[in-house]
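Single-structure report; data block below.
The values are calculated or read from the model by the stated rules, or taken from the named source; none is laboratory data. Small disclaimer: the values here were computed from a predicted structure and weren't measured. Neighbour counts run over all protein chains shown; Cβ positions are idealised from the backbone, glycine included.
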Amino acid sequence: MTSESDRWYDDAAGPVVRPYAMTRGRTSHAAEAKIDLIALVVSGSMVGDDNALDDHSLSPEHLDIVERCQLQATSVAELAADLDLPVGVVRVLVGDLLEGEHVHIHKPVPPAELPDERILREVINGLRAL
């Protein structure tokens, strides 16, 4: 029989932290409507904000997100996979960082706003005719 403390410890990984503990029990964030799975997260020197690493109110998971997004924009889905966290948790954490202006979100262009393929073909044909 395992004791209560053994359930919170994994020999390979160390102490186990439940996802709801990382988000302080929150399952959504006010900014979550903006945070699509394929939205790109940009942080740090890419957006001119280097104070995230000095913010002592941020958790280690917040800092991991900031560091991963400093060199290149990273999608929310990629962050979840890289950090081995549920997407819902990553959305809440990114929402915190967005609220604190430590990251910016670049939303994908909705398919309805993309140019029509027919119009693009007409432009190509018109250029060829020149």
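Listed values, structure above:
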| quantity | calculated |
| --- | --- |
| Residue check, L83 touching a helix residue (DSSP H, G or I) at 6+ places or on another chain (Cβ under 8 Å) and at pLDDT 85 or above | yes |
| Residue satisfying all of: in segment 107-130; under 18 Å from the mean Cα position of the chain (by Cα) and surrounded by 11 or more Cβ atoms within 10 Å (Cβ to Cβ); farthest from L63 (Cα to Cα) among these | P108 |
| Verdict on L83 being surrounded by 14 or more Cβ atoms within 10 Å (Cβ to Cβ) and either more than 9 Å from the chain's Cα centre (by Cα) or charged (D, E, K, R) (or both) | yes |
| Residue match in segment 43-59 (condition: modelled with pLDDT of 80 or more, within 11 Å of the chain's Cα centre (by Cα) and surrounded by 17 or more Cβ atoms within 10 Å (Cβ to Cβ)) | yes |
| Residue list for segment 91-106, filter: under 13 Å from L40 (Cβ atoms) and buried (at least 17 other Cβ atoms within 10 Å of the Cβ) | V94, L98, V103, H104, I105 |
| Helices (runs of 4 or more DSSP H) wholly inside segment 53-130 that include at least 3 residues being touching a residue at least 24 places away in the same chain (Cβ under 8 Å) and within 19 Å of I35 (Cβ to Cβ) | 60-71, 76-83, 87-99 |
